[in-house]
Structures are given as C-alpha cells and as structure tokens.
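Just so you know, all these numbers are worked out from the coordinates, no wet-lab data involved. All of these numbers come straight from a predicted model, not from anything done at the bench. With ideal geometry, Cβ positions are generated from the backbone for all residues, glycine too; neighbour counts draw on all protein chains shown.
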Amino acid sequence: MNKPAVRDLPILFTISLALRLLTAAFIPRPGYMDTAYYAAGARLLAQGKGFTEPFLWHYLDDPASLPHPGFLYWMPLPSILAAPFAVGSFYAMQIPFAALSAALPLVSYRLACACTGSRRNGWLAGLITLFSGFFFPYWTLPETFAPFALLGSLSLWMAGTELKPGGQFLLGVLIGLAHMTRADGILVLPVAILGLPLLRRPALPGAVAIAAGYLVAMSPWLLRNMLTTGSPLSPVGMATIWLTDYDDLFCYQCTLSPRTYLSWGWANILRSKLWAAALNLERFLAEECLVFLFPFVAAGLYRLRRRPPFALATIYLLAIYLVHSLVFTFPGPRGSFFHAGAVALPFVTAAGVSGIDAAVLWSGRKRRWHVGQAQRIFGVAAVVLAVLVSGHAAVGTLPRWYNADTAYDRLGRWLAREDREATVMVANPPAFWYHTGHPAVVVPNGDVETLLAAATRYNVRYVLLDDNTPEPLRGLYTGVAAHPRLRRLAAGADMGDGVVLYAVE
C-alpha cells in the first residue's frame, strides 16, 4: 500500500470514531434486553459480584434461586469490555464499543484496496461500512456487534493470509476472543482452519497453532463452566435447537428435547426450516447488502472467489445461514443471524465496491461511458444510499430506545418507598435490575398457574405486565381475567400507560 493510503487510515478512524460517539449521545439507556443484559453484567463485574446474575430472563437452566451463575446462554466478553466504564453513565459504557466499531471501516478500506488496487474504492468501502444501514444504530451499544464484527473479520482476513506459526497462534487467540463474544463464534474456528489448504500450507501444524491460540483465549472460561455446570460449554443455549416456537424460550419448566421436537411433526418442522431460510435470506439482502448493493456484492464475491479471505468469508456466510436456518431455527431469524452476520460486513462491502467497478466497466463498453467518471459517480451514489438507509434505521430505533423501560424507573421509585427487598416479575429482567437494583424474573410463556408457580419458587412479590405479555396472560393484562392470588394495584396507574401492576398474595 502506498504512503497516501496509509495516511488515510487515521483520518478514516477519526471520522468513524466521531460519528460513533455522536450516535452514542442519543442512546442514554439500554433499549432492549440484549443491551440491558450486558450492561447489567458489566455493572455487576464493576461491583465485584463476578459472573452472577440477580435476574432471570429465561428458565432454561432452571436455577433454584437468585442470584445464579451468569452467562450460561450468552458469552461474557461484552460485559468484560464495558465493566471498567460501568461506574459511569450508559454513555461511558459505549466508549469501548464506539472505538472497536470505528476500526471496522479500516478493515473494509484495506480489503477493498487490496482487491481493487484503488484508494477511491477503499474510501467507498470504508464509508459504506461506517454507515452500514441497519447495523448503524447498534455499533456503540455494549453488545456483541462491534467486538464480534472486528474480531471475526480480522480472523477471516488473517486466515486467508500467509502466516508464520506465531501469526497462526495469534489468529487462534482472535478466534477464541470471538467465541468469548458470541457462542456461534466457534464457527470461525473450522472456517479459519479450512484456509490452510486454500493457501497450500501444511494443514496439521497450522491447525495445531491455531487451536493452541484458541485454547489460550478460551481455557479460563471453559474451566469456569466446568466448575459451574460440569461441562466446558454450557448446554443451555443448545436447548434452543428444540424450540417449536420462539416464545418457548421463556416457558417455565418446559421440556425441550429431541423427543418433544419430533412429536411436533415433520410437516411443522419442515415448514419452520423453510420459513427461517426465507426470512434469513431477506435479512441478508436488507442488513448485509442494504438491498441495493446485493447484485454488486454477488458479482464481487464471484470475481474474488479465488482470493482466500473472500472465499473464507463466503464459506462463513453460508455456514451461519445454514446454522441459523436449519439448526437454531427460531433464534436465527429473531436476531442471531443479524448478529453473526456482522463479521462478514467488511468483506461484503469490499466485494460490493468491486462489483460496482466491474458492472460499470461492463456497461461502459456497451454505452461508451467515460468509465472512470462513471465509477466515481456510482460509488458516491452507493455511499449516499448507505447514508439514507442508515438514517432510516436510526430514526426507526433511536427514539424508541431513548424512552425504553421508563415504567421500570417509576416502579423502582415506588418500591423504594413501599418494599425495598421485593423481587419483581417483568418482561425484561436485566433492564429492571439495571434501573432499580431489584431482583427480577421474566414473565413466563404460560397460563396464570404457571406464572404463580414461578412466582412462588423465586419469591416474587409483584408482577408488571406490559404490551409484551404472552398470549395466555392477555386476560390478566387487559383486566378481563382475575385470580385470587393476584391483586391488581392502583399504584399501577402511576407506572404509565400500557403497564399493569399486580401484587402476589
């Protein structure tokens, strides 16, 4: 790379970081459960409470009481990254994620420069990644998006590059950290090892070096899980393979097993797989390719198919598509595929820019365009469209996040006066603990008797129902149903519109 291109990198990083920090200023609180979970985990670590959770957002691990061991479903690295900043505001917790996500456009820049030999294309790929459409509002959140995208994309890039044993060991460390970020980060490991024969390198020594680095990064967590659950990898997340409906994730004392799954019937199973495959394809077109970029991405990936980094990125995309459609059929379309796809974003944008160049060159021969000028125009148009899609995504999410879970603040103030030790049943337990400090469990996906069984086991004193109330409990939420052990409180009116508060007798 020439010297002017090297000087572009700090400029692009500065622009990216400034935009990320500006975006973070419009997100003063966790906007949904994933973010609340990692923010709460960071705060618990900062308070010296370790990997424990005084809240329960699912019943898959069936703990006897609260608090219980944490991060048995999701991985801990986002909370670890946010913990040093957790003594401050939510904005402070976003700083490391803003910095990590600001580095991602640099990966796109370098990939585009390497595959097209053009600084202009490097800038185009970097700017498209900077805005990145539907990913745009999520980059600064204390969540998996930024660390997983950066660690995973660097891993795939390195795996497609000639490395000495020390570099292969470092690659394994990066893959281990990616796995520490998301459970499906383990998929990067076999894809990276597959890069060895693509590079015509000795497979066994390279695989050993990569595996050694991976184990160095992961072994402390594997040991912790062994001591906590008796297994190096928690089996909790694997239970979601057997879901027959996404809301079964929140059922209480349900049996999720191959037997119950097969009893659902092969017709339903096949229908669910086809539904997930179709929806994940739609999400790929919209979230990875911003819709308009898809034909250019397809052309670019085909043109670059013999370049190992892009070949591995394509294999990774296919792997996560199949896993989140055919294996984790219900979590995949509900966000898991979106999260996992962030790794491939720099490759997709670099391939898209390459595809634009190729399409303009092909069209220019037939239409007698000035090819260089047309490539610049189409490239700028792609960036403008990326900005517009990103603005649409931000307008659709940031206002909603800005006022998320304000009823929890009001209930927390009421509990401070009436019942300082109460455990509460809510739709978003991590957010409730984050805002109030009170233990919380999730409203189960079941009938009133199921709710009361969970409330009795976990010593729940109050139940707060909102618009996300499961269908079997809608009668309680709307007031058309009642139960002698649930007393509707007038104080619920003080929580704001759309929520109902019950005391458990």
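Laid out as a table, the results:
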read-out	value
Potential extension, Arg306-Asp245 segment - 0.36 nm per residue separation minus Cα distance	17.9 nm
For Glu53, distant residues with modelled amide H under 5 Å away	His68, Gly70
Difference of contour (0.36 nm per residue) and Cα-Cα distance, Ala482 to Leu274	70.9 nm
Efficiency of FRET between Arg224 and Arg201 - r from beta-carbon atoms, R0 41 angstrom, step 0.05	0.75
Label-point separation, Ala453 to Leu22 (7 Å along Cα→Cβ), nm	5.4 nm
Coil-residue trypsin sites (Lys or Arg not before Pro) of the range 437-505, DSSP, other Cβ within 10 Å capped at 16	Arg485
Added length on full extension, which subtracts the Cα-Cα distance from 0.36 nm per residue, Glu282 to Leu262	4.4 nm
Sites Arg420 and Ala491, calculated FRET efficiency, Cβ-Cβ separation with R0 22 Å, nearest 0.05	0.90
Pairwise label distance in nanometres, Glu471 with Leu398, each label 7 Å out on the Cα-Cβ vector	3.7 nm
For the range 247-270 and the range 279-352, distance of Cα centres in Å	28 Å
Estimated dipole of the chain in Debye, rounded to 20 [Cβ of Lys and Arg +1, of Asp and Glu -1, Cα centre]	2260 debye
Per the chain, cysteines lacking a partner by the 4.7 Å Cβ criterion	Cys113, Cys115, Cys289
